[in-house]
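To start, the structure under review is shown below, and the notes come after it.
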Amino acid sequence: MSAAPVTVLGLGPMGRSLASAFLAAGHPATVWNRTPGRAHGLVESGAVEAATAAEAIGASELVVICVLDHDAVRAVVEPHATALKGRTLVNLTAGTPDDARATAAWADAHGIRYLDGAIMVPTYLVGGSSALVLYSGPADLYARHQDTLRAVGGTCVHLGADAGRAGAHDVALLDVFWTALTGVVHAFALAGAEGVTASDLAPYAKGVAALLPDVIDAFAEQVDKGSYPSEGSNLRSAAAIMSHVLEASHSRGIDTTVISAAHDIARRGMAAGYADDSYAHVAELLRG
């Protein structure tokens, strides 16, 4: 049986990677981008470049869009609701859960089948065994296109019928990634102010990062249960440790925005009576 055709709308770095992955898996691919000239290389690999979005949509029952944001999604798809009617639109554009739900509602109102997705790896891993893509939307629709979507890479996970479910995971996991990386670059700046190169610090920073999987599991269990035993390290001690980082940063003129925010949250937790509890208890504060 021949591989199902796919249309890819949007040929930024991620869109190009998606189109390449579909082509590599043997799927006939039609591609389109608002700015012409992005399809070279893809055409040489077998893709068909459509002159218009409507032409691209008409080429495939499965239409994948990956552009800058959901405003760009709407700008591309809303003028082509008639062309998309009866087709499946898979939106792999990063955004908020409410963005996904709004796009799903628009699609439903126009007779367009809709799946939302979140690509959890950088472009160079798309199509490979280590890629992870999360999907949400109707389970039967995901099952219908699962074999084709597997071309994007290693692990595809359907998270449920709520179109915003993939986006909810996406923003939470990006929160982990970018706040962690901000801590990394702050640590490099602080170490550098003390004459320690980033390369010298890096092996020890990776050692700290290696502690996180067990902490994540423990904190997840505590948050879900609403029970926060300290198990040897409590909020009071966390706040004291952060104060040392703050003091050292101030003394060397290093920006303290991020660590100050963390320290403030810890202090608020102590004021709320959590001083002898696990640091995970501040999740209650952050929920408002």
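The rows are residues; the columns are (1) over 22 Å from Ala172 (Cβ atoms); (2) polar (S, T, N, Q); (3) without any contact (Cβ under 8 Å) to a residue 24 or more places away in the chain.
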{"residue": "Pro213", "(1), (2), (3)": "no, no, yes"}
{"residue": "Ser227", "(1), (2), (3)": "no, yes, yes"}
{"residue": "Arg236", "(1), (2), (3)": "yes, no, no"}
{"residue": "Ser249", "(1), (2), (3)": "yes, yes, no"}
{"residue": "Asp264", "(1), (2), (3)": "no, no, yes"}
{"residue": "Gly273", "(1), (2), (3)": "yes, no, yes"}
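Within the set Ala271, Ala280, the sole residue that is among the aliphatic types (A, V, I, L, M) and over 27 Å from the mean Cα position of the chain (by Cα) turns out to be Ala271.
Select from the stretch 8-33 the residues that are under 20 Å from Ala53 (Cβ atoms) and over 24 Å from the mean Cα position of the chain (by Cα) and write down the one among them that is surrounded by the fewest Cβ atoms within 10 Å (Cβ to Cβ). That would be Pro28. Of everything in the stretch 192-219, what is farther than 26 Å from Asp255 by Cα and touching a helix residue (DSSP H, G or I) at 6+ places or on another chain (Cβ under 6 Å)? Give them in sequence order. Within the stretch 192-219, Phe219 is the sole residue that qualifies.
Strands (runs of 3 or more DSSP E) fully within the stretch 1-90 that include at least 1 residues being modelled with pLDDT of 95 or more and over 25 Å from Asp140 (Cα atoms): 29-32. Of the residues Ser130, Ser136, which single one is in the same structural domain as Gly12 (by TED's automatic domain parsing), touching a His at 6+ places or on another chain (Cβ under 8 Å) and among the small types (Gly, Ala, Ser)? Every option except Ser136 fails the conditions. The number of residues in the stretch 76-99 being at negative phi and more than 15 Å from the chain's Cα centre (by Cα) comes to 14. Filtering the stretch 57-72 to residues that are of a type in the set (A, V, I, L, M, F, W, C) and closer than 26 Å to Ala3 by Cα leaves Ile57, Ala59, Leu62, Val63, Val64, Ile65, Cys66, Val67. All but one of (1) in contact with a helix residue (DSSP H, G or I) (Cβ under 7 Å, 6 or more places away or on another chain); (2) over 23 Å from Ser129 (Cβ atoms) hold for His40, so report the exception by its number. In the conditions (1) in contact with a helix residue (DSSP H, G or I) (Cβ under 7 Å, 6 or more places away or on another chain); (2) over 23 Å from Ser129 (Cβ atoms), His40 misses (1) alone. Of Ala161, Ala94, Ala151, all but one fail to be of a type in the set (A, V, I, L, M) and part of a helix (DSSP H, G or I); the exception is Ala151.
The values are calculated or read from the model by the stated rules, or taken from the named source; none is laboratory data. Note that the structure is a prediction, hence the values are computed from the model and not measured. Every residue, glycine among them, receives a Cβ derived from its backbone with ideal geometry; neighbour counts consider all protein chains shown.
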